[in-house]
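The values are calculated or read from the model by the stated rules, or taken from the named source; none is laboratory data. Predicted model, so just to flag it, every value in this text is computed and none were measured. Neighbour counts run over all protein chains shown; Cβ positions are idealised from the backbone, glycine included.
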Amino acid sequence: MGGARLMPAAAVPNSMVRRALCIAQSTDYPLYVFTLRAEEILQVAEISRVSRDNAGKLIGYQRPEVRKHIQEIVEYLNTDAAVFPNPIIMALSSRVHFKKIRGDRLPGDELGITGTLAIPMAANGRPKPAWIVDGQQRAVALSRMRRKDFPVPVTAFVADAVKVQRDQFLRINNTRPLPRGLVTELLPAVDSPLPSRLAIRRAPSELCDVLNTDERSPLRGMIRRASTDKSHLAVAVITDTGFVDLIKDSLTSAGCLFPYRDVGRNETDFDGILHALYTYWDAVRDTFPDAWGKPAVKSRLMHGAGIRAMGRLMDRVLGIVDPRGADAPRLIREHLALIAPYCRWTSGTWDELNMRWNDVENTPRDIQALSNYLIRVHRNAQAEQR
């Protein structure tokens, strides 16, 4: 089996040795089942929090710690009748070593090999040998329980590459209520085939990532992602899930971004899409400078409902104006100028909707009502010009 080398556990200095079952699933990523004490979980494994480095590259994949949930687990674990059947799932460094145990073979032994697993411990600046892929809240709770020697089942696969760990993290949590923003941000970093429910969101999430990091983008730094540092929250005023939904809707057959897809070849002109998005949202910024860049509580333009409504207006405007044309920036601004007098992004009351500017909520009903209103105003204003 690949990954971990087979050698005597005693030959591995400064290592934790455990009896383990090596399950024959993949030669590339050996899978082990073993047991650790509660206090040993975080001695062995890191929790890879989702964040970004100084260059803006995504690192990690775990959501933030949920204190209330952890405390509830701790309170249960401290009871006399505590049972903990769910394993912690880890990714192990390829520095681990496995040695099989010789003995009489039984039917079914070809499915797994019994042996000893030596896990090199962190020392002299060396990183921990494992990362928690699933069960981070439980792992923290276990480290805080009274009974430090409480035995914990662990399932671990050998994988140094973070992209493999992210892939497993998304698959394990595919049917669980992970925060949409966390899933949205991780998708571009996973390059293996995904379930169709997630795959359809990968391209919009990739585009959202570029919009938030590219120096040419009018939205640079303004999209709030799961990794956004707290010090940047005042600038990151747009939720990424709303913008991903905007792009996904526009990539359908009814949207202005659909022509950039070649469905037959399964290819997408990402440069063309980005140019269209940059050109349109540049014009939005310049048309509504007083509402641009403010928190959603002060500007409904930056609110989820405003973003989605302006996205649907984008489908209409860019269906009329080719964003690749030399005069596209001017023409798009002229179209937006038609609706500007009727917009109530920061104060006043929306005509016909009978809603104060900040009564508009990020609900399907309000998004649809605001979208229809803006499109109707635009259509009527065009008709008056003719």
Subject >> Test: Ala283 is under 29 Å from Asp209 (Cα atoms), in the same structural domain as Cys208 (by TED's automatic domain parsing), free of Cβ contacts under 8 Å to residues at least 60 places away in the same chain and surrounded by 13 or more Cβ atoms within 10 Å (Cβ to Cβ) >> reply: yes
Subject >> Residue among Glu352, Glu334 that alone is of a type in the set (Asp, Glu) and in a helix (DSSP H, G or I) >> reply: Glu334
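What number of residues within segment 208-223 satisfy the criterion of being part of a helix (DSSP H, G or I) and among the charged types (D, E, K, R)? Even if it seems obvious, please write down each step before you answer.
Initial filter on segment 208-223 (part of a helix (DSSP H, G or I)): 208-213.
Filter once more, so that each one left must be among the charged types (D, E, K, R): 209.
Result for segment 208-223: 1.
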Original post:
Counting only residues that are surrounded by 18 or more Cβ atoms within 10 Å (Cβ to Cβ), at pLDDT below 50 and either in a strand (DSSP E or B) or out of contact with any Lys or Arg (no Cβ under 9 Å at 6 or more places or on another chain) (or both), how many does segment 1-45 have?
Top reply: 2
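Suppose the filter is part of a helix (DSSP H, G or I) and either β-branched (Val, Ile, Thr) or modelled with pLDDT of 85 or more (or both); does Val74 pass it? First the steps, then the outcome.
Values: part of a helix (DSSP H, G or I): yes; either β-branched (Val, Ile, Thr) or modelled with pLDDT of 85 or more (or both): yes.
Judged against the criteria, Val74 is a match.
One line per residue, one yes/no per condition, for (1) at pLDDT 90 or above; (2) aliphatic (A, V, I, L, M); (3) crowded, with 19+ Cβ neighbours inside 10 Å:
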{"position": "Ser231", "(1), (2), (3)": "no, no, no"}
{"position": "Thr241", "(1), (2), (3)": "no, no, yes"}
{"position": "Leu246", "(1), (2), (3)": "yes, yes, yes"}
{"position": "Thr268", "(1), (2), (3)": "no, no, no"}
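Can you tell which of Pro289, Pro329 is loosely packed, with under 15 Cβ neighbours inside 10 Å and either farther than 26 Å from Pro364 by Cβ or in contact with a helix residue (DSSP H, G or I) (Cβ under 9 Å, 6 or more places away or on another chain) (or both)? Let's see the steps before the verdict.
Values: Pro329 fails: loosely packed, with under 15 Cβ neighbours inside 10 Å.
Criteria check complete, one pass: Pro289.
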Original post:
For segment 357-366, does any single residue satisfy the condition of being closer than 13 Å to Ala305 by Cα and among the aliphatic types (A, V, I, L, M)?
Top reply: yes
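Of all residues being hydroxyl-bearing (Ser, Thr, Tyr) and assigned to a helix (DSSP H, G or I) in segment 278-318, which is farthest from the chain's Cα centre (by Cα)? Just the residue, please. Working first, answer last.
Going through segment 278-318, the residues hydroxyl-bearing (Ser, Thr, Tyr) turn out to be 278-280, 287, 299.
When the remaining residues are screened for being assigned to a helix (DSSP H, G or I), the result is 278-280, 287.
Values: Tyr278: 23, Thr279: 26, Tyr280: 26, Thr287: 31 Å.
Only one residue tops the list, namely Thr287.
Please verify whether Phe98 is assigned by TED's automatic domain parsing to the domain that holds Leu31, modelled with pLDDT of 85 or more and assigned to a loop (DSSP other than H, G, I, E, B), treating the condition exactly as stated. Outline the logic, then answer.
Values: assigned by TED's automatic domain parsing to the domain that holds Leu31: yes; modelled with pLDDT of 85 or more: yes; assigned to a loop (DSSP other than H, G, I, E, B): no.
No, not satisfied.
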Original post:
Here is a list of conditions, (1) over 20 Å from Phe243 (Cβ atoms); (2) at pLDDT 95 or above, and Val317 meets all of them except one; can you say which number that is?
Top reply: (1)
Original post:
What is the residue count in segment 113-123 for residues that are surrounded by fewer than 23 Cβ atoms within 10 Å (Cβ to Cβ) and within 20 Å of Ile47 (Cα to Cα)?
Top reply: 4
Subject >> Criterion: out of contact with any helix residue (DSSP H, G or I) (no Cβ under 8 Å at 6 or more places or on another chain), modelled with pLDDT of 90 or more, under 22 Å from Phe98 (Cα atoms) and in the same structural domain as Gly112 (by TED's automatic domain parsing) - qualifying residue of Pro153, Pro127 >> reply: Pro153
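Scanning segment 360-379 for residues that are in a helix (DSSP H, G or I) and of a type in the set (A, V, I, L, M), which turns out farthest from the chain's Cα centre (by Cα)? Steps first, please.
Taking segment 360-379 and keeping what is in a helix (DSSP H, G or I), we get 364-379.
Within this subset, residues satisfying the condition of being of a type in the set (A, V, I, L, M) are 367, 369-370, 374-375, 377.
On the way: Ile367: 24, Ala369: 29, Leu370: 28, Leu374: 31, Ile375: 32, Val377: 36 Å.
So the residue we want is Val377.
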